[in-house]
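One structure is given here, and the rest of the page talks about it.
The values are calculated or read from the model by the stated rules, or taken from the named source; none is laboratory data. It should be emphasised that the depicted structure is a prediction, and the values quoted were computed from it without experimental measurement. With ideal geometry, Cβ positions are generated from the backbone for all residues, glycine too; neighbour counts draw on all protein chains shown.
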Amino acid sequence: MVHSDCDWGTMTKARKGSPEVEEARLRQQAIGARLRRLFDDVVSEPVPEDFLAILRRAEPGEDAVESAPPRPGSEPDPS
């Protein structure tokens, strides 16, 4: 378990505008900003070609059925 140097018992008893509350607010803002940057970085990464191939095979429709490799032991579609 990870322990923080922040004492939440003290935080809940601290008055609004106190240094402890202000410090906690600033920490939360910093964490939020870092999480947003991390999310933006992940979202901007290209999707791996292997994953795109899986998605194409999973899509319903003729293209997906025709492009999907046959499964071992399956028989061809008579249509």
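So the values come out like this:
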read-out	value
Odd one out for residue 16, checked against (1) more than 19 Å from the chain's Cα centre (by Cα); (2) modelled with pLDDT of 60 or more; (3) not in a loop (DSSP other than H, G, I, E, B)	(3)
Failed condition for residue 30, given (1) at pLDDT 95 or above; (2) at positive phi; (3) among the small types (Gly, Ala, Ser)	(2)
Counted residues, segment 1-11 - those being loosely packed, with under 10 Cβ neighbours inside 10 Å and modelled with pLDDT under 55	4
Residue match in segment 49-70 (condition: among the small types (Gly, Ala, Ser), at pLDDT below 95 and exposed (fewer than 10 other Cβ atoms within 10 Å of the Cβ))	yes
